[in-house]
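Everything on this sheet refers to the single structure shown next.
The values are calculated or read from the model by the stated rules, or taken from the named source; none is laboratory data. If you're wondering where the values come from, they're calculated on a predicted model, not measured in any experiment. Don't worry about glycine lacking a Cβ; one is built from the backbone with ideal geometry, like all the others, and counts go over all protein chains shown. Keep in mind that these areas ignore ligands, DNA and RNA; they rest on the heavy atoms of the full protein, side chains included. Shrake-Rupley method; radii C 1.70, N 1.55, O 1.52, S 1.80 Å.
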Amino acid sequence: MKVLSSLKSAKSRHIKCKVVRRKGRIYVINKSNPRFKARQG
């Protein structure tokens with residue numbers, strides 16, 4: 001999982017990427033290809 005200052009680039013890397021808020025942090029998750037996971041904050 002990458003920790004990024006901007007998640008816009010991480011979301012646009014794959015079609016199935018979703019941006020999710022959990023516990024005050026913002027995550028990019030991808031069920032079909034988990035190597036695109038990222039976190040902000």
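Numbers for the structure displayed
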item: Hits in the chain - residues which are among the polar types (S, T, N, Q) and touching a Phe, Trp or Tyr at 6+ places or on another chain (Cβ under 8 Å); result: 30, 40
item: First in the range 1-29 and free of Cβ contacts under 8 Å to residues at least 12 places away in the same chain, second anywhere and surrounded by fewer than 11 Cβ atoms within 10 Å (Cβ to Cβ), Cβ under 7 Å, 6 or more apart; result: none
item: Test: residue in the range 27-34 that is at positive phi, surrounded by 10 or more Cβ atoms within 10 Å (Cβ to Cβ) and not in a strand (DSSP E or B); result: no
item: In the range 1-21, residue most open to solvent (accessible area, probe 1.4 Å) [restricted to those that are of a type in the set (S, T, N, Q) and out of contact with any strand residue (DSSP E or B) (no Cβ under 8 Å at 6 or more places or on another chain)]; result: 12
